[in-house]
1. Tell me the relative contact order for region C:204-330 as a rounded percent, counting alpha carbon contacts under 8 Å between residues six or more apart.
2. Rank these by accessible area, largest first, 1.4 Å probe: A:M52, A:M230, B:M28.
3. Grab the beta carbon distance between A:E160 and A:T335, set R0 = 30 Å, and tell me the FRET efficiency rounded to 0.05.
4. In terms of the Cα gyration tensor, with a ≥ b ≥ c the square roots of its eigenvalues, is region A:269-364 rounded because a/c is under 1.5, prolate because a/b exceeds b/c, or oblate?
5. Given the C-alpha centroids of region A:52-106 and region C:498-568, what is the distance between them in whole angstrom?
6. Could you sort C:L494, B:L51 by their accessible area in this structure, using a 1.4 Å probe and putting the largest first?
7. Taking a label point 7 Å from the Cα of C:A469 along the Cα→Cβ vector, which residues of region C:50-79 have an amide N closer than 18 Å to it?
8. Averaged across the residues of C:332-341, what count of C-beta atoms belonging to other chains lies within 10 Å of each residue's C-beta?
Amino acid sequence: MPRSKTRRSPVAYGLGILGLAALLAGCGAGQVEPVTEQGNGLHGLYLIVFWMGFAIFAIVEIAIFYMAIRYRRRKQDDESLPPQIHGNDKLEILWTTIPAIIVIVLFVLSWIQITNVQEVSADPGMRVEVQGFQWQWTFSYPDETLSNGEPVQVAGVLGEAPPTLVVPVDTVIQMSLKSEDVIHSFYIPQALYKLDVVPGLDNKFDITFDEVGRFRGQCAELCGLSHAQMVFFVEVVTQDDFRAWMTKTRTAAEREASGGDKCKPEGTKVEVAAKNVKFDKECLAAPAGTPFQIVFDNQEAIDHNVAIYQSEEAQPAGEAALFQGEIFKGPKEVTYDVDPIPAGKYYFVCDVHPTAMKGTFNIGEPEG
Amino acid sequence: MTATTLEREDWSLPEGHEDEGGMSMPVMGTVLFIASEVMFFATLFGTYFALRSAASEWPPADIEELSIFIPIILTAILITSSFSMHGAVWGVRRDNRTVFVSSLAITVLLGAVFLVGEVFDALEAGFEISTGAYGSIFFTILAFHVLHVTGGVVFLTYLLIGAANGRFSSRNYQQVESASYYWHFVDVVWIFVFTTLYIIQ
Amino acid sequence: MATTEVRPDLTPSGEIRVMSPYRAKWLGWFTTTDHKQIAKMYAVTAFFFLLVGGTMALIIRTQLAAPEQTLSLPGLEVTEQVYNELLTMHATVMVFLFLTPMLAAFGNYFVPLQIGAADMAFPRVNAFSYWMVPMGGIVLFLSYFTGGPAAAGWTSYSPLAGPQFSPGNGVNLWIGALAILGISSTLGAINFIVTILKLRAPGMTMLRMPIFCWNMLIQSILILFSFPVVTAGLLLLWIDRNLGGAFFDPANGGNVILYQHIFWYFGHPEVYILILPLMGVISEVIPVFSRKPLFGYKAFVYATLSIAALGTAVWAHHMFTTGAIDVKFFAATSFLISIPTGVKMFNWTATMYKGKIWWNSSMLHAIGFLSMFLIGGITGIFNATGAIDFAIHDTYFVVGHFHYVLVSAALFAMFAGLFYWFPKMTGRKLSERLGIAQVIILFIGVNMTFFPQFALGLQGMPRRIQTYADGLGWGWLNMLSTTGSFLVGTAVLLFVINFFWSRKRGEIVGDNPWDAYTLEWATTSPPPYYNFDALPPIRTERPVFDTNHPDVLAEDEEYDRRVSSHPL
């Protein structure tokens, strides 16, 4: 019997498996390095399951190939039948019980981790509201409000640079996930965690980053055309850096809210369009003391116009407008000629939809 | 090596396996088909209760409560038809053609009346399938029940024509038996529909 | 008496007759109610769709081979829209138009033969079930001509598949196709159950039935209880889309998660629906080629029953990250289901112990199945924990996991069955040489394709993305996976070549070339229209073998007595 020869194969196979194991062990058994407190626990469980699974895999796989090779029919074999073994009840009980015990152990370990990651604190260190939409993210900080009551926001724009959520390290951050269109999934690979962003549900989870750095995140639930582009970043910084960043962002946001740099007069032609019962701009600007034109592009078959009022309350209060453009149905483009208006901060609205369509109108000195 | 030269002989049957007997194949097929239908309706009723338990108001405030007057009459009609269906099976088993054909005819008639009543009553409801989740599930359950009753009435009519031509007897009534199971099933579903949509609204 | 050489199934020149009472050959294909011919039609249809779905898979893999690319093929640019359509159609085709009909083919051909019946219980319903499959395929592919197919994934989660976010006809036709295929499967399941319960030959008790038939029976029961659920769910989605329903519209009182519950209540048993018959095939192949009875017949039956029972209580492990289910409960049931699955693995392995294993294409494919199914099963444990699933759900890890089960293992089992039964169906053997080349290429191919996907998933690559950024380190693993997928394609093509070659030129073998166990080997190859003109006595789980080896009959009868007297 060439027994030594047949034995070599399973041994070689076993060595191959061990080599693969060593390779995998070198890099966290294949899993990314966790950067959150919750993620560390999950990674620990992963390693346990990985090695337990690996041991079972190795034993059974070696058994399969050992049996197949050791008991193969050889040329010199006669036609006689091998022993006709129908089974063994003790073995059946054994290989039902042992997996059952393994499974119970794994379940207890999983239970601990599930409880740990599902814990939602009533008093987190910081709250972040995540809004997923086709196909980007907006992050807002409900604890950090501007003077107009709106929270500080980081917005993503499709096809442009993905948004970066900045958060402090070693702080319990409560993410609250909201969607108004389809289901998305908020997934940070290095947190080893994801939670779906489901319209109609208010999903929350706590996360504590224990490492400073910039981590990639991505939507993990097919959400339509540009699902693959729903990327975001999480920038974890020190407490001090976070305060500094927040101050800077808040200042910029305040400036934006009050008209900001972007809304300064640039010539005597002002362009604005209406679509989906919305103006495409929140702020318009024109030079003071000279006549100017408003090019109004009404893109839908609904009545719209542009009118300029002294204050936000003037239109609902029925006060006269400084300028009132003709109301017309689109799609059509109309150029209004506006008489000079003194410098100041005004409001523009559509008289047909005053609550949905409004914005700030800055009349000021032209740049330079 | 060939096993084909053997004949059917000398079956060695262990105790208790001598007679398989029991249901005939078409009847068993019908019962399994009804089992799959049970799962279908269970999904619809599951949906109803899932939506209901998540709703703040059920039915929504702007929907008037439904009158249960017509549904009660319909229930009575359908339960009666189940009895007449049973009578038809009783009749055909005993080769009592008069009982068989007349019971079957009564069943078809009651089924048709029920169908007209159910559709009429559904059209009287003051809302539509597109009136929120409540309207959607209300009309969906009703519509699928109507479809099933229609199927039943069509099949029973087909049997009635056959019966009038003397097609069934005590030795050949599997189709009648199958139809009766199906009809009782449709009846039971109606009891659930009635209880869910009308009584506990 | 078959001692006479009258072969009503052969023409005088030895050609195989069309086994149909109808004269015109082409008309016979449309009008036949013969379970064997219907099975062949199922198999050919399924194989056609395997090639269609496989081509889609190769396009998907090629698109992903390198980062930040949009593949441009002649006449097809794999844009985001096209990619989403491809992944939806690939999955739908493979699940509903390849695997399901392929299993129906195996079942149709061999269930009546293995239980000693002349045909299925309802032959005309059987033909109807078959004809609904190409019908469903046509409806599904009509969408390519009416504004583009569904692109919301094979799960078609609402609201993405709802009226607002998937306007157009694609999802409607997808729903229509699935409803048709669902009814086809349900009717098929009823047919199998009645056939198995009512048409077994005298002596063929339930506990003497081949494991393949047991698995078909349990699969059919699962179909019966899960397909109507998804049919109802899809109709609700259709009502949402076309009649202004609000079932899954949260703005109008609907519930988004409800759809997922309905879908996965079907979707998870569906996995067992797809794999149980193949486990049955393996349970036929391994004992025959090990020259031993199946180790633990009874354990197999109970393991299959418990898989089916537990299989209806694990569905929400597909929804661990929705935040709307009890993760612990479904983790527990998912863990439990690994126990009976493990029992099967151990029993198959033990069947080979001390055997005289016949290394031929069929058996090597079966060994490939064991090896691949083991990986698919163990990686399933990671998902079952719930906790680890938070990281790997909806990533390539899951893609790798279910492809190991539904491609690696399923293809190996399917080929094991085809190599095993081809002689019964045609009277000829498939080429061993091509078969062994195929095993080797397939083994390297599937591992090269799907093993890197575990690594990709663990590194955070989500599934269903059209492309990925450069510099993430995913490129080489994807390239490896793509290369492997072409090897899988090569192996499948080798089989197609083998099939056409062997059909005409394969070695002509006798009625029972493997000295096999079960009743289908008691008739001619191919079997006549009426299947059997005589049956051997059925006293054990392997009547043909006992007839040919009277020396083991006593031993088998002893085991049979034990099994029958103590069913538990």
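1. Working: 119 pairs, mean separation 41.1, N = 127.
It comes to 32 percent, rounded to a whole number.
2. Details: A:M52 60, A:M230 0, B:M28 30 Å².
These residues rank, largest area first, as A:M52, B:M28, A:M230.
3. On the way: r = 31 Å, r/R0 = 1.03.
Working from the Cβ atoms, E equals 0.45.
4. Values: a/c = 1.77, a/b = 1.29, b/c = 1.37.
Cα axes put region A:269-364 in the oblate bin.
5. 25
6. Order by accessible area, largest first: C:L494, B:L51.
7. C:66-70
8. On the way: counts 5, 0, 3, 8, 4, 1, 5, 8, 2, 1.
Mean inter-chain Cβ contacts per residue within 10 Å come to 4.
The values are calculated or read from the model by the stated rules, or taken from the named source; none is laboratory data. The structure displayed is predicted, hence computed values, not measured ones. Here the Cβ is made from the backbone with ideal geometry for all residues, glycine too, and neighbour counts use every protein chain on show. Only protein heavy atoms, including side chains, enter the accessible area calculation; ligands, DNA and RNA are left aside. Shrake-Rupley method; radii C 1.70, N 1.55, O 1.52, S 1.80 Å.
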